[in-house]
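Asker: There's a structure below that I have some questions on.
The values are calculated or read from the model by the stated rules, or taken from the named source; none is laboratory data. Nothing here was measured: the structure is a model prediction, and the numbers come from that model. Here Cβ is always computed from backbone atoms with ideal geometry, including for glycine, and neighbour counts include all displayed protein chains.
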C-alpha cells in the first residue's frame, strides 16, 4: 500500500508545544482511530506512533520533575488531572486502541519504544490512579495482541513478561498496586488489571521466582486473606493465635465491597505453577498463617461424632462430609495402573505398560504423607470458594486447590476423597455448561467462556493423574462423554475471514513499504477463534490421557466414543477434517501426491504441545492390548508416532518414545512394522541422549522390544547400545562418590530413605504483607511459625533448584530400566520356543563376555548396598549433632537385580553353580527376604527355587551333578536361606509369598537329603 499524504492532525501533533495543544491533537487522533481498523493502519503507516510516544514521555518527564519532592503512593481515588496528566491519559488511550488492533501493530509499538514509556506510568508513587489504570489497560492490550502474534513478532508473551518481571522497579509497582486497601473503584480496578496481567503472561519459571522474591505473591496472599475476613471465614481463635505467633501485624482488613476474587486467584495460580516450594511459600505467607492457623476444632456436636476425623479444622465443617470419611484409610493406597508390576515367573520377562514419571513434588509428597501434620484450613477454604463462586473464579479456586494438593499439602487419603466428591464434579460441570452448541464467529464470542474451556481440562488432568480414586470420580461424573465432545468442538472448522476491504484513493501495490520501522505493519497473526480451538485441543487431550491412564473400562469407554480420528489429526502439524475409517476407505487413490495443507486452513496448525499431548493419549490407550490390536491398528497409529522419534524437538521425541514403548511389545501387531523401519537403531541412539527423560523412555522401549526376539537381534541390540554405555547407565556410583560411600545394607523394613539434609540457600526468605496501601516486612525471628516454615522451605528449595538433587530420581529410574533391559536380554519371552533355553544360555554367556562375569556380579551387588550419606558442612548444624544417614536401595532397583539372577539360575548347572559361588551377593540377598515389598520377597523365593531345581539331564543319577545340586542347597542353608524361607512359609502375610516359600523349602530339603 502506497504511503498516504501527511494528515493535518499529525502535523498538529508534531508541532504542539503546550499541553493543551498536545491534548487537542491527541483527542482528534483518538476520535479518528477508535473502532476503525483500516484507519489505524493508515495512521501507523504515517508514523503516528512515534510522536504519540514522544508526547507521553515528555509529559511524564514534566510531571516527574513537579512531583519529585512528593513521591508517595497515590492513596486517593479519582481526582482532577493536571494538563500533563491529561496529555498522558490521551496518549495511553491511543496506544491501547492501536494494541487492540492485534498483532499487525506490535512491530510499530515495539519500534516506537512505547512499552518502556507505558511501564513508567504504572508506578502508583508518581502517577495518578487514572494514569495507572490507563497504563495497565495498554499493557493488557499489548499482551492480548502478543498472545496471537506470529513467531517472527518482536513482541511475544515471553518477551513482554521478561520486560516487566525482571525489573525491580516494575515489580515494586506491582507490589504497591496489589497492597492497596482502599475501597476506591479506580484503585480496585488497578488491582484487578495487575492481577489479570500476571495471570496472562506469567508462564516462565524465572518470572514466577521473581514474583515470589519481590513480594508480589505475599501481596496477593494478603488479598486472599482479606476476602476470608470479609466472608466471616476467619478460623475461630485466629486472632489470639496470631498474637502469640507474632503474626498479628499481618492480619488483614476486610476486602472492599464489590472487589473480585477471581483475578487474584488467577494471578496466584500463575505464580505457583508446578512448584512445591512456591506452594508451601504461599500457605505460610504471614497473612495466610494469621487468618488460617492450623488449630484443631471440635464443633459443639449437633449430631454424633461419626462424621468427625482427627485433626479437623473449623473450615472443614463448612464442607459436606465425604460419604466414606469414617472408612477411608489414613493414607491412600492408590497407585496408577501405569506402574502396576507384572507377576513375573522365573522365566517371564519384565513388561510394564509404559514409563510413568513421578515429579519431584510427588516424590516429596509421598515422603511427607507419613507425617501427621495438621492440614492448613486454607485448603478447605479454597474448596468452599470453588463451591460458592461461579465461572472463572470457580475454576481458579479449583486450580489452586489442585496445585496445593499435588504439592503434598493436603491430608492424602481423606482430602483425596473430598476432592473426588466436591472438586472433580465441579470441573466436569464447568466444561459441560460452557461447551455450548451455539455457533461461534471471530467477531462474537465469549472470552471468559473460552478461557474456562481451555483451562478446565488441564486442571482436571493434573488433579486426577496418578490417582485411581479421582480417576474413578471423573469417570463416574461423565468425563468420557464430556471430554470427547469437547475434542470434537476443538476440530470444528473455522472460516478465515479476510479483513474488510474499504475503498481507498491510494492504490494497493502489494509492495513492501519503505520507511522507518515505527511505520511498518507486521503479520496478521493467528485468528482468535482458531487459536482458541488449538489451545482447546491440547488441554482436552491432556484430560483424556489422564482418564485413559486409569482402568481398562475407562479406555474402552473412550474408544466407544469414536474419538480416535481426532487424536490422529492431532498428530499432524497441519490437520484436516477428522474422518472415521469408513469415510477414509471411500477415497480412491488418484495417483497424484496429496497437496500439503497450509497453516491458513480451517483447522489451523497444531503446535508441538498438541502433538505431545496426542502421543500421550496413544501411549495410554496402547496399555490395552485389545485396543492396540483393533482400534489403534485400524487407524494406523504406528507410523505417525514413529516419524516423531526423529523430530528435531526434544519434547516431541520424548513423547513419541514413550508412546512407542507399548507398540513394540511382543503382543503388538505393529511390532514387526516398526522393526522393519529401524526402530531399534533409533531407540539405541536415544538411549545415548543427554536428556534423562529420553534415555529413560528409550531404555523402557528397548526393554519391551527385546522380549522374545532371536539371540542375534538381542546381540545386535546390545552392540548398538554399547555394553560400556549400558554399564555406565546402571552403575553410577562414581558420579556421587564425593557424597557417598557404600556399605552392606543393614536389615531394615525401610527400603527408601529420601530425607536428605541440604545446605540452606544463601538467599534469605523475606516475609511481607500488605498494610495501609504499602508493603511491610515481618521479622521472622519474632515468629515461631515463620522460623519453622523457613526450615522446611530451605530443604525444598534446595531440592527444586539443585540439579544434582533433581537428577537423582531420574537416574534411579534410568538404572531401573537398564537393569530391566538386562533382565529381558537373558530371559525368555512369553511365547518362547523349544530352542529357547539354549538361546538363553547363549545370551547369558554373551553378556558375560561383553560386560565381564565378575564385573556384572559386582554391579548387581552394588545395587543391593546402602549408600552412606555424610553430612555436608551446614550453617545450621550444631556441633556433635551430625548424623550419618543411610540411603537404602529402592525396591524397583532390587527387583530387576534379583530377576537377572533368577534367569541366570534358570539356565544350566554351570550358571547355577556360578550364582551360588557369589557369597557376598547372596548374603545381601538374604537380607532382602524381610523387605516390606511383596515383589522383592517373591523374587527371592523364585531365585531359591531355580537354584535348587533338579535338572534330570545335567544332574541326574549319582554323579557329580547330583552332588553339586546337594552342595548348592547346603550352601544356601548355611547362608541362612532355609530358615528364612521356613519363616516366610508360615508367617508371611501374602499367600503368593507363602506358597512360593513352601516350594523353595521343599526343594531345599529334597536337595539336602540327596
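Asker: Go over the candidates 638, 658 one by one and state the one that is surrounded by 22 or more Cβ atoms within 10 Å (Cβ to Cβ), more than 20 Å from residue 487 (Cα to Cα), in contact with a helix residue (DSSP H, G or I) (Cβ under 8 Å, 6 or more places away or on another chain) and free of Cβ contacts under 8 Å to residues at least 40 places away in the same chain.
Answerer: Answer to the selection: 638.
Asker: Is it true that some residue in the range 171-188 is touching a helix residue (DSSP H, G or I) at 6+ places or on another chain (Cβ under 7 Å), outside any loop (DSSP other than H, G, I, E, B), free of Cβ contacts under 8 Å to residues at least 60 places away in the same chain and within 30 Å of residue 516 (Cβ to Cβ)?
Answerer: No: zero hits.
Asker: Suppose we filter the range 550-562 for residues that are in a loop (DSSP other than H, G, I, E, B) and crowded, with 22+ Cβ neighbours inside 10 Å; how many remain?
Answerer: Here the count works out to 1.
Asker: Which one of these is assigned to a loop (DSSP other than H, G, I, E, B) and buried (at least 18 other Cβ atoms within 10 Å of the Cβ): 729, 665?
Answerer: Values: 729 fails: assigned to a loop (DSSP other than H, G, I, E, B).
It is 665.
Asker: May I ask you to list the residues in the range 903-930 that are under 40 Å from the mean Cα position of the chain (by Cα), surrounded by 23 or more Cβ atoms within 10 Å (Cβ to Cβ) and closer than 19 Å to residue 976 by Cβ?
Answerer: 925, 928
Asker: Tally time: how many residues in the range 135-159 are surrounded by fewer than 23 Cβ atoms within 10 Å (Cβ to Cβ) and in a helix (DSSP H, G or I)?
Answerer: 9
Asker: Considering the range 16-36 alone, what residues qualify as being modelled with pLDDT under 85 and not in a loop (DSSP other than H, G, I, E, B)?
Answerer: Answer for the range 16-36, where residues must be modelled with pLDDT under 85 and not in a loop (DSSP other than H, G, I, E, B): there is none.
Asker: Restricting the range 91-107 to residues that are more than 33 Å from the chain's Cα centre (by Cα) and crowded, with 24+ Cβ neighbours inside 10 Å, which is farthest from residue 26 (Cα to Cα)?
Answerer: Among residues in the range 91-107 that are more than 33 Å from the chain's Cα centre (by Cα) and crowded, with 24+ Cβ neighbours inside 10 Å, the one farthest from residue 26 (Cα to Cα) is 105.
Asker: In the range 532-540, is there at least one residue being within 30 Å of residue 436 (Cβ to Cβ), at pLDDT below 90 and either assigned to a helix (DSSP H, G or I) or not assigned by TED's automatic domain parsing to the domain that holds residue 111 (or both)?
Answerer: No, the conditions are met nowhere in the range 532-540.
Asker: So in the range 433-460, with the set limited to residues that are assigned to a helix (DSSP H, G or I) and surrounded by fewer than 18 Cβ atoms within 10 Å (Cβ to Cβ), which one is modelled with the lowest pLDDT? Full working, then the answer.
Answerer: Keep residues of the range 433-460 that are assigned to a helix (DSSP H, G or I), which gives 433-434, 447-460.
Add one more test, that the residue is surrounded by fewer than 18 Cβ atoms within 10 Å (Cβ to Cβ), and what stays is 433, 447-448.
Values: 433: 94, 447: 88, 448: 92.
Here the residue is 447.
Asker: When both residues are 6+ apart or on different chains and their Cβ atoms are under 6 Å apart, which pairs have a first residue that lies in the range 144-157 and is without any contact (Cβ under 8 Å) to a residue 24 or more places away in the chain, and a second that is outside any loop (DSSP other than H, G, I, E, B)?
Answerer: Here the result reads 156/146, each pair linking the range 144-157 to a residue that is outside any loop (DSSP other than H, G, I, E, B).
Asker: If you check residue 87 against the conditions, is it part of a helix (DSSP H, G or I), closer than 15 Å to residue 131 by Cβ and either in contact with a strand residue (DSSP E or B) (Cβ under 8 Å, 6 or more places away or on another chain) or modelled with pLDDT of 90 or more (or both)?
Answerer: Spelling it out, residue 87 is indeed part of a helix (DSSP H, G or I), closer than 15 Å to residue 131 by Cβ and either in contact with a strand residue (DSSP E or B) (Cβ under 8 Å, 6 or more places away or on another chain) or modelled with pLDDT of 90 or more (or both).
Asker: Now for a separate question. Evaluate the range 1001-1008: report whether one residue or more is closer than 22 Å to residue 730 by Cα, touching a residue at least 60 places away in the same chain (Cβ under 8 Å), out of contact with any strand residue (DSSP E or B) (no Cβ under 8 Å at 6 or more places or on another chain) and in a helix (DSSP H, G or I). Talk me through it step by step, then tell me what you get.
Answerer: Of the residues in the range 1001-1008, the ones closer than 22 Å to residue 730 by Cα are none.
Within the range 1001-1008, not a single residue is closer than 22 Å to residue 730 by Cα, touching a residue at least 60 places away in the same chain (Cβ under 8 Å), out of contact with any strand residue (DSSP E or B) (no Cβ under 8 Å at 6 or more places or on another chain) and in a helix (DSSP H, G or I).
Asker: Another question about this same structure. Can you name the condition, by its number, that residue 685 falls short on among (1) in a helix (DSSP H, G or I); (2) surrounded by 20 or more Cβ atoms within 10 Å (Cβ to Cβ)?
Answerer: The one condition residue 685 does not meet is (2).
Asker: Here's another thing I want to ask about it. On the basis of being out of contact with any helix residue (DSSP H, G or I) (no Cβ under 7 Å at 6 or more places or on another chain) and in a loop (DSSP other than H, G, I, E, B), does residue 246 make the cut?
Answerer: Here the answer is no, as residue 246 does not meet what is asked.
Asker: Sort out which residues of the range 402-416 are in contact (Cβ under 8 Å) with a residue 60 or more places away in the chain and assigned to a helix (DSSP H, G or I), and write them in order of number.
Answerer: So in the range 402-416, the residues in contact (Cβ under 8 Å) with a residue 60 or more places away in the chain come out as 402-404, 406-409, 411-414, 416.
If the condition is that a residue be in contact (Cβ under 8 Å) with a residue 60 or more places away in the chain and assigned to a helix (DSSP H, G or I), then 402, 403, 404, 406, 412, 413, 414, 416 are the ones that fit.
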